[in-house]
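K.L.:
First the structure, which I've put down as structure tokens, then a few questions once you've had a look.
The values are calculated or read from the model by the stated rules, or taken from the named source; none is laboratory data. For clarity, every value in this text was computed on a predicted model and none was experimentally measured. Using ideal geometry, Cβ is built from the backbone for each residue, glycine included, and neighbour counts are taken over all protein chains shown. Heavy atoms of the whole protein, side chains included, go into the accessibility calculation; ligands, DNA and RNA do not. Shrake-Rupley method; radii C 1.70, N 1.55, O 1.52, S 1.80 Å.
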Amino acid sequence: MRLLSKLNIDKQISPWQWAVMNCIFGIGSATITSTFTLAALAQQAAWLAALVAGGVYFCVAWLMIRLAASFPGQTLSSFLKILWGKAVGIVIVWFLVLALTAEIIVRLQLFSREITFFMFDRTPPEVIILTMLAVSAYCAVQDLGTVLQISQILFFTALPMMMMIILLGYISFHVINIYPLWPVNIAGVGRAIAESWVYFFGYEFILYLLPFIYRGNTSIVKATGIAFALKSLLMAVTILMVIGVHTVEGLQGSPYPTMIAIRGVELPGTFVERLDNYLFFLWIPIGFMTFAQYLFFAAAMLADLHGYKDHRPIVLFFVPVLFIGSAALHDATVFTEFSKWIPWPGLLFSFGIIPASYLLARWKLHRQGVTLDGR
């Protein structure tokens, strides 16, 4: 096993700390933009698709835990090279990093559009992207402890307040807008579950982190399951609220239906106005943490893969890559076409490469008379 210090990790983390990091990753975009995409596919059953998707992707995460636990003390690159050989192992790690990079590029473009639309309508989106990358990169060049601490702060402060504001949206909720409760378009629900990868992705980091998660009284599987359940619940509650306020048809004309739904909430007898502004300011740091976690883990995985002692130069390498890629999506047509295929590399990794790796590991270890560690 490689020394923790070689990857700027000076301590191990608990399963609950991993669950917090997993939960905070990507949840900002899920609550702000998920309703527009999922409702277009699954109609009134979009909230149900979000709940089912949480269970589906948790099963993938569970399989990843089983796979990584089969090689105690081995890092991601180490056991992939053992399973597939050095060349194929390198390709698989790079494939994972590039799949996540493509989605982050789309998130950056969406983030800059939302910031520009709601706050700085005369500011070029490229300025927003550069600012976000600078702040995220500064966090990512720190050690894991710093990234974890900021994730925990946001999890216990910004995330509860953001969800409290979203729950206030139920003041304008109309039950009739969510009927029928059962899914009418089953195929659409299936497509929505596949599309939900862009809101649950980030669980792949468990493949890298498992050697650094200490095994106490809490099961890693249990902590991961609770994180997925919470993310699914937050998504379902948000989607249900927005559909109940706008109707499915009304969503089609609004790219930011969550913000518009919250904007219509009035609290009589209080000085609080324009709740969407509060929601927006709470969402920004959560979005920042998504980019910072991605930069840290992507750089750390590649540093481990190629035997580098420091992940920080790789973080700096990714900054111009992300900026150029995100800026290239400024054109609406290019952005739409690029976004269509974004989930498929991630789905291929989760539902193709991981099961194949697990079966291969099971076969190889069985030949050696070793039982897989399912903790």
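K.L.:
Considering only Ala140, Leu168, Ser77, whose Cα is most displaced toward the positive end of the charge dipole of the chain, charges sitting on Cβ of Lys, Arg (+1) and Asp, Glu (-1)?
P.N.:
Ser77
K.L.:
Return the carbon/sulfur percentage of the accessible area of the chain, one whole number, probe 1.4 Å, all protein chains in place. Before the final figure, lay out each step's value.
P.N.:
Values: 10550 of 15590 Å².
C and S atoms contribute 68 percent here.
K.L.:
While we're on this one: In sequence order, what are the phi-derived ³J(HN,Hα) couplings for segment 233-239 according to the Karplus relation 6.51 cos²θ - 1.76 cosθ + 1.60 with θ = phi - 60°, rounded to whole Hz, with x for glycine and proline?
P.N.:
5, 4, 5, 5, 4, 5, 5
K.L.:
Report, in degrees rounded to the nearest 10, the 0 to 90 angle that the Cα long axis of helix 15-24 makes with the longest principal axis of the chain.
P.N.:
Roughly 40 degrees, rounded to the nearest 10.
K.L.:
Right, here's the next one. Place a +1 charge on the Cβ of each Lys and Arg in segment 252-350 and a -1 charge on the Cβ of each Asp and Glu, then give the dipole magnitude about the Cα centre in debye, rounded to the nearest 20. Intermediate values should be presented prior to the final figure.
P.N.:
Details: 5 positive and 7 negative charges, 32 e Å.
Result for segment 252-350 is approximately 160 debye, rounded to the nearest 20.
K.L.:
Leaving ligands, DNA and RNA out of it, rank His311, His246, His366, His174 by accessible area with a 1.4 Å probe, largest first. Each step should come with its number before you reach the end.
P.N.:
Values: His311 0, His246 40, His366 140, His174 100 Å².
My answer, sorted largest first, is His366, His174, His246, His311.
K.L.:
Hand me the trypsin sites (Lys or Arg not before Pro) from segment 224-308 located in a DSSP loop with no more than 16 other Cβ atoms within 10 Å, in residue order please.
P.N.:
Sites meeting the loop and neighbour criteria: Arg274.
K.L.:
Next question. List the trypsin sites (Lys or Arg not before Pro) within segment 27-94 that fall in a DSSP loop (any state other than H, G, I, E or B) and whose Cβ has at most 15 other Cβ atoms within 10 Å. If you can, show how the numbers build up before the last one.
P.N.:
Working: sites: Arg66, Lys81, Lys86; in loops: none.
For trypsin sites (Lys or Arg not before Pro) across segment 27-94 that sit outside H, G, I, E and B with at most 15 neighbouring Cβ atoms in 10 Å, the list is empty.
K.L.:
Same structure again: Counting only heavy atoms of the protein chains, get the accessible area per residue of the chain (1.4 Å probe) and round it to a whole Å² value.
P.N.:
On the way: 15590 Å² over 375 residues.
Each residue of the chain exposes 42 Å² on average to a 1.4 Å probe.
K.L.:
Additional query: Using Cα pairs under 8 angstrom and six or more residues apart, how large is the relative contact order of the chain, in percent?
P.N.:
Values: 513 pairs, mean separation 148.8, N = 375.
Relative contact order comes out at 40 percent.
K.L.:
If you don't mind, there's one more thing I want to ask. Between Arg362 and Asn217, what is the spin-label point distance in nm, taking each point 7 Å from the Cα along the Cα→C-beta axis?
P.N.:
In this crude spin-label approximation the distance works out to 3.3 nm.
K.L.:
In nm, to one decimal, how far is the Thr247 label point from the Asp121 one, both placed 7 Å along Cα→Cβ?
P.N.:
Here the answer is 2.8 nm between the modelled labels.
K.L.:
Once the dipole of segment 185-278 is set up with Lys and Arg at +1 and Asp and Glu at -1 on Cβ about the Cα centre, which of His246, Leu234, Val221 lies farthest towards its positive end?
P.N.:
Value computed over the given set: Val221.
K.L.:
Where in segment 248-343 are there GluC sites (Glu not before Pro) that are in a DSSP coil and have at most 15 other Cβ atoms within 10 angstrom of their Cβ?
P.N.:
Values: sites: Glu249, Glu266, Glu273, Glu337; in loops: Glu266, Glu273.
Filter output for segment 248-343: Glu266, Glu273.
K.L.:
While we're looking at this one, here's another question. Match the structure shown to one of the listed values (1) 66, 44, 42; (2) 55, 51, 40; (3) 57, 56, 51 of Cα extents along the principal axes in Å, computed from it, and give that label.
P.N.:
Step by step, Cα extents along the principal axes in Å for this structure corresponds to label (1).
K.L.:
Same structure, new question: Give me the number: length gained by fully extending Leu348 to Tyr308, i.e. 0.36 nm times residue separation minus the C-alpha to C-alpha distance, one decimal in nm.
P.N.:
Details: separation 40, 0.36 × 40 = 14.40 nm, distance 2.79 nm.
Taking 0.36 nm per residue and subtracting the Cα distance, the gain is 11.6 nm.
K.L.:
Before rounding to the nearest 500, sum -39500 (n - 2.57) across all DSSP H runs of length at least 4 in the chain and divide by the residue total; then give [θ] at 222 nm in deg cm²/dmol.
P.N.:
On the way: 19 runs with 266 residues, N = 375.
So the helix-based figure for the chain works out to -23000 deg cm²/dmol.
K.L.:
Return a single number: how many Lys pairs in the chain, at a sequence separation of 8 or more or on separate chains, have alpha-carbon atoms below 24 angstrom apart.
P.N.:
Taking the chain as the scope, the lysine pair count is 11.
K.L.:
Compute the long axis of helix 354-367 from its Cα atoms, compare it with the longest principal axis of the Cα atoms of the chain, and write down the angle in degrees, 0 to 90, nearest 10.
P.N.:
The angle comes out at about 30 degrees.
K.L.:
In degrees from 0 to 90, rounded to the nearest 10, what is the angle of the helix 46-69 Cα long axis to the longest principal axis of the chain?
P.N.:
10
K.L.:
Can you give me the distance in nm between label points at Lys86 and Glu266, each placed 7 Å from the Cα along the Cα-to-Cβ direction?
P.N.:
Label at Lys86, label at Glu266, 7.1 nm between them.
K.L.:
Further question: Roughly how many debye, to the nearest 20, is the charge dipole of the chain about its Cα centre, given +1 on each Lys and Arg Cβ, -1 on each Asp and Glu Cβ, and no other charges?
P.N.:
Working: 22 positive and 17 negative charges, 283 e Å.
In total the dipole reaches around 1360 debye.
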